[in-house]
Amino acid sequence: MEDDVESDDEVEALRDGLLAVKFSKDLKQRIRTPWLANLEVWFQRPKEIVRKLVSGDLDLGIVGFDTVSEYGQGNEDLILVHDALEYGDCHLSLAIPKYGIFENINSLKELAQMPQWTPEKPLRVATGFTYLGPKFMKENGLKCVTFSTADGALEAAPAMGIADAILDLVSSGTTLKENNLKEIKGGIVLESQAVLVASRKALIQRKGALDITHEILERLEAHLRAVGQFTVTANMRGSSAEEVAERVLSQPSLSGLQGPTVSPVFRKRDGKVASDYFAIVICVPKKALYKSVKQLRAVGGSGVLVSPLTYIFDEETPRWHELLRKLGL
């Protein structure tokens, strides 16, 4: 398995429970995980991850969907295991200047219909996406287009006069605005975020690869499900578990995932074991945390404990069944 060496988000995601590995300052070295003896994690450049998946040097990779699309180029051996790891959100988009001949151009259709573009003087696009760029333009009927290959800050290319437009990744759009550029209707090539991608051949032929992928997928799903969720525990005096549950469920924020867990709290009183207190356990999202604590207090809760969740394992993830279907298993 490989990961993008440049992404702090990916390192944090792995550190926060997806793989539970210990990281070295030298992220280029391989790292073994304590929970899977046959798994090694390597940190590589995004495009190298995809290329090594295609060549058979890797089994799994975490990388942006844009990179998979650009360097995988529709290779049928590449298979998406998880298509939404919920970080690295961006989109690949065409952007043009807000000024000059583009001032009143606001859509891809209008851009294509501009009389300026001829075989002798085509639309010049600066991009690092030399596969997706031409493919997108051809699919949308823009024939008189040339591409200049570039990496890094493309936003200055139109102002420098070396390109008419750029095709690049956009997240907040702030950099485009700072360079007096704008996106146009119909100009988005694809939406992207981090994905888990695998070699189809490796999953079918390499012993143990599919089982490891299953566990990684389960951990990913459980971790993503738990992000922003908290376990809230409180003690409450009551005559029975049902009576306490009735009070708890009278409050809208205290239903938990499938309802509160109510269990007796045993203590000795006058030499006898008594259970006139009950422990309430619920799972609440971060945005409702304080409200839930207040509602617990309102119905008699005390000694409220709060702890963040790392995993919420639910029923078998549909993505696993979808993966098996794609593999024909």
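Observations
- Highest GNM mean-square fluctuation among 200, 267, 45, for the chain modelled with Cα contacts below 10 Å: 267.
- Extending 7 Å from Cα along the Cβ direction at residue 240 and again at residue 322 yields two label points whose distance is 4.5 nm.
- In this structure, the amide hydrogen of residue 188, modeled 1.01 Å from its nitrogen in the peptide plane, lies closer than 5 angstrom to those of 94, counting only residues at least 5 positions away or on a different chain.
- Nonpolar atom fraction for the chain, defined as the carbon and sulfur part of the 1.4 Å probe accessible area, stands at 49 percent.
- Residues of type lysines that residue 177 reaches as a straight line, Cα spacing below 24 Å, ignoring anything fewer than 8 places off in the same chain: 98, 109, 185
- If you run the Gaussian network model on the chain, springs between alpha carbon atoms under 10 Å, then out of 121, 268, 185 the most flexible one is 268.
- The candidate values were (i) 24.1; (ii) 30.4; (iii) 18.0; the one computed from these coordinates for mean projected area of the Cα convex hull in nm² carries the label (i).
- Rounded to the nearest 20 debye, dipole of the chain from Cβ charges on Lys, Arg, Asp, Glu: 760
- Against the chain, whose longest principal axis is taken from its Cα atoms, helix 318-327 shows a tilt of about 50°.
- Amide H contacts of residue 63 (H built 1.01 Å from N, in plane; Pro and chain starts excluded): 195, 197 sit under 5 Å, all sequence-distant by 5 or more or on other chains.
- Residue-averaged [θ]222 nm for the chain, counting only DSSP H segments that reach four residues, each worth -39500 (n - 2.57): -8000 deg cm²/dmol
- Karplus-based coupling profile of the range 59-71, in residue order and whole Hz: 9, 9, x, 10, 7, x, 4, 4, 5, 4, 5, 6, 9, with θ = phi - 60° in 6.51 cos²θ - 1.76 cosθ + 1.60 and x standing for Gly or Pro.
- Solvent-accessible surface of the chain, taken per residue with a 1.4 Å probe and all protein chains present: 54 Å².
The values are calculated or read from the model by the stated rules, or taken from the named source; none is laboratory data. All of these numbers come straight from a predicted model, not from anything done at the bench. Glycine also receives a Cβ, built like all others from the backbone with ideal geometry; neighbour counts cover every protein chain displayed. Side chains are part of the model used for accessible areas, which takes the heavy atoms of the whole protein and leaves out ligands, DNA and RNA. Shrake-Rupley method; radii C 1.70, N 1.55, O 1.52, S 1.80 Å.
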